[in-house]
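Notes follow the structure.
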Amino acid sequence: MEKILEIRDGCNTPGQLLRSLAFARYLKIYKREFIADLEHRTADQEREARQKIDFIQGVTIRELIHILECDGFATGAELERARELVRFMDGAFHHYRGRGYSRLVRLQNDVVSTGLETPDTVKDKVTAKAQQLADLILETRRQLLKKVGLEKGVRRTPGMDASPNVTSGEISGHYFNYPADYALLSHVPLTIAADIQTGVDYTTPSNKRARPFYELDHNPLDLERFDPSAWVSVPLQVGTSLIVAFIHKSRGCIEMEPGLLNLFPFARIEDIESGRRPDGVFFFGDPNAGENDLGYYYDERNRLLVGLVPNIDELKYFGYAKKPILTLHNVLAILDGDLPLHCGCTRYVVRFNGAGEPYIADMLIKADDMGKISLVKGGDRLTRPVFYGTETGAFACLDGFSEQAKLQMKGREVGYNKDTGSNARQIVPVTDVDELFRGDPLDVLLYMNNFTLIPPGESTIQAEMHIEEALEHFRRGERVAAGSTQTHRGAKESSFWANPFPLLVDNDGTVLHPQLYSKFCEVEKGFIGDMNILIRRGELKVGVAYSHLMAGVYEGNDDEDIAANGFSSREEVEQEGPVRLAHDLIGLIKEVATVKRERMGDQAEEVSVTVALVGDSRTGKSETAEKMEGILRLQLI
């Protein structure tokens, strides 16, 4: 297992840093990796490699402390030796900043044991500790360089970020109410606050999902071989579900931690204090699991959903962390009688000028990729679809975004595999917790078609469909793939309800999860009846939106089709198609807002219009939202 650096020491001076256990651990990691690299050199470099290995093996902390504390060197040979050591440590510094992985940990039991701390105050302390350590590392490097006469000329401090990848505030796992059969999990501390280094791109062994995350007939977690010291745990609030994610501390697995922290909100500390049990637990990178353990299992005795991804290189991709966690959420939602939606959902704040004309004042994201509908009966005895989101961040595929959109992500992003060509991804925050959990009735529900060409002058939205006609599009779930899954780029595939994880019906019509499918159909049946009433009353629009996002690469569209529908080239379709849809969507939102205001008596200064766009990856959900941002100019960058 390739080691990560976990820092628990409290250091205030360069001397304390060099004497710390964390520094000793890191020096050992760096020396081992450097020597392993040298041992793979070609035969004609063997002599140089052997000399370097001998030098590295001879580097000691004692010599480095001596350099830091000495007032000079007696001979030129001593100075040259010191310079060689400091150059070596400067290489270690840059390795730490680039290829290493570090976690700074601070225990914060006061949050639950005394009530004197809160997650917000802990977050402030965590950030201060991260900055203090970064400053101390930079100062130690400067002093070592200065001692041997290498710190001359321009100082380049602003570009030398030495922050840990993650600085976490943890509490003892014993504060959490795990079922008795899972008591060993309480030996893993819980992360309740964190500061993550952004602007980092991690390279993982895989950069696409090729294997499904389905229900298992056995519990994949082997607690008899579970080593609590090898795991990090993060309690997440995924929609209304409390799911604890466990991440293995080995390289290739631990890199998922900053992505998850940038994607999901922490569970509320009140839930931990109140003794609430987790609804699900998820394990990424279990070294004791095999290929047949990839999936989830419902432990009926303990009323706990268990999900697991084995420690296999093919599965070390952020999609295998995000999608399984959302799968656990969706299974729990269906079991609770709710309808999970693979969708982007936005609440548009529409205001009216003096003449009563509508304008969009703000667009607030409720879900970038996943959410659920709860059917809630109001005071007027009508049942309405109330939407709740699951993520505060977005796992964005950079292929379809403009350079302006990428610039907006700068400084907030955690990236994965930017040098692998297609399917480079970034996780960026897109909304806040309050918007996520604020329940808003849906006004518009559209299926995203990413391959059908719509002629110029025709609307790219059909929102006046009968509920059964519209639902046929949702049930077929057709889209053209971008090549980030097992379906090749440009080919059409189908997934029931755009695959709200797990896939309930296979392409050939085979029901994959019979009990879950039966429960989903029961929920859908109730949804149809209630939605018909709202459609007849003019409170809900359901239909299809055509984004064109993959119409340019769709193997079913020839060059004549592209030209006949107003595009000069296949490349233009991906950028211009979502712009057409964005304009039509703006018009629909204003129309819905006007009707909604009339129902309220024309007195409201503003109304909210909540729109859900259902579709799998690369159907145009995020890309259309980006184009709307650009058209409405709600932000200046």
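The values are calculated or read from the model by the stated rules, or taken from the named source; none is laboratory data. Since this is a predicted model, take the numbers as computed values, not measurements. So basically every Cβ, Gly included, is an ideal-geometry build from the backbone, and we count neighbours across all protein chains shown.
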I'm told residue 64 meets every condition in (1) within 37 Å of the chain's Cα centre (by Cα); (2) under 15 Å from residue 93 (Cα atoms) except one. Can you identify the failing condition by its number? (1)
Among the residues in segment 530-543, are any in a loop (DSSP other than H, G, I, E, B) and farther than 24 Å from residue 590 by Cβ? no
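This table checks each residue for (1) in a loop (DSSP other than H, G, I, E, B); (2) of a type outside the set (Gly, Ala, Ser); (3) at pLDDT 95 or above.
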site: 3; (1), (2), (3): yes, yes, no
site: 9; (1), (2), (3): yes, yes, no
site: 15; (1), (2), (3): no, no, yes
site: 18; (1), (2), (3): no, yes, yes
site: 30; (1), (2), (3): no, yes, no
site: 37; (1), (2), (3): no, yes, no
site: 40; (1), (2), (3): yes, yes, no
I'd like to know if segment 168-185 contains one or more residues that are charged (D, E, K, R) and outside any helix (DSSP H, G or I). yes
For the list (1) closer than 21 Å to residue 202 by Cα; (2) outside any helix (DSSP H, G or I); (3) among the hydrophobic types (A, V, I, L, M, F, W, C), I need the number of the one condition that residue 308 fails. (1)
Out of all the residues in segment 494-516, is one or more surrounded by fewer than 13 Cβ atoms within 10 Å (Cβ to Cβ) and not in a loop (DSSP other than H, G, I, E, B)? yes
Would a scan of segment 113-133 turn up a residue that is over 18 Å from residue 195 (Cα atoms), surrounded by fewer than 19 Cβ atoms within 10 Å (Cβ to Cβ) and of a type in the set (Ser, Thr, Tyr)? yes
Considering each of 610, 624 in turn, give the residue that is among the β-branched types (Val, Ile, Thr), in contact (Cβ under 8 Å) with a residue 24 or more places away in the chain and in a helix (DSSP H, G or I). 624
If you check every pair at least six apart or on different chains, which have Cβ atoms under 7 Å apart with a residue in segment 66-85 that is assigned by TED's automatic domain parsing to the domain that holds residue 139 first and a residue that is in a loop (DSSP other than H, G, I, E, B) second? 67/148; 79/73; 79/148; 82/73; 82/148; 83/148; 83/150; 85/59
So which residues in segment 320-347 are in a helix (DSSP H, G or I) and among the polar types (S, T, N, Q)? 327, 330
Pairs please, first residue from segment 568-581 and over 18 Å from residue 631 (Cα atoms), second anywhere and among the hydrophobic types (A, V, I, L, M, F, W, C) and part of a loop (DSSP other than H, G, I, E, B), Cβ atoms under 8 Å, 6+ apart in sequence or on different chains. 570/553
Number of the condition not met by residue 298 [criteria: (1) without any contact (Cβ under 8 Å) to a residue 12 or more places away in the chain; (2) over 19 Å from residue 609 (Cα atoms)]: (1)
Some residue of segment 584-595 being in contact with a helix residue (DSSP H, G or I) (Cβ under 7 Å, 6 or more places away or on another chain), in contact (Cβ under 8 Å) with a residue 24 or more places away in the chain and either in a helix (DSSP H, G or I) or surrounded by 22 or more Cβ atoms within 10 Å (Cβ to Cβ) (or both): yes
Do you know which of the residues in segment 395-448 that are basic (Lys, Arg) and surrounded by fewer than 22 Cβ atoms within 10 Å (Cβ to Cβ) is modelled with the highest pLDDT? 438
Go through the residues of segment 144-162 one by one and say whether even a single one is charged (D, E, K, R), more than 30 Å from residue 80 (Cα to Cα) and either touching a strand residue (DSSP E or B) at 6+ places or on another chain (Cβ under 6 Å) or without any contact (Cβ under 8 Å) to a residue 40 or more places away in the chain (or both). no
Conditions first: (1) at pLDDT 95 or above; (2) crowded, with 19+ Cβ neighbours inside 10 Å; (3) more than 30 Å from residue 503 (Cβ to Cβ); (4) not acidic (Asp, Glu). Residue 608 passes all but one, so which condition is the exception? (2)
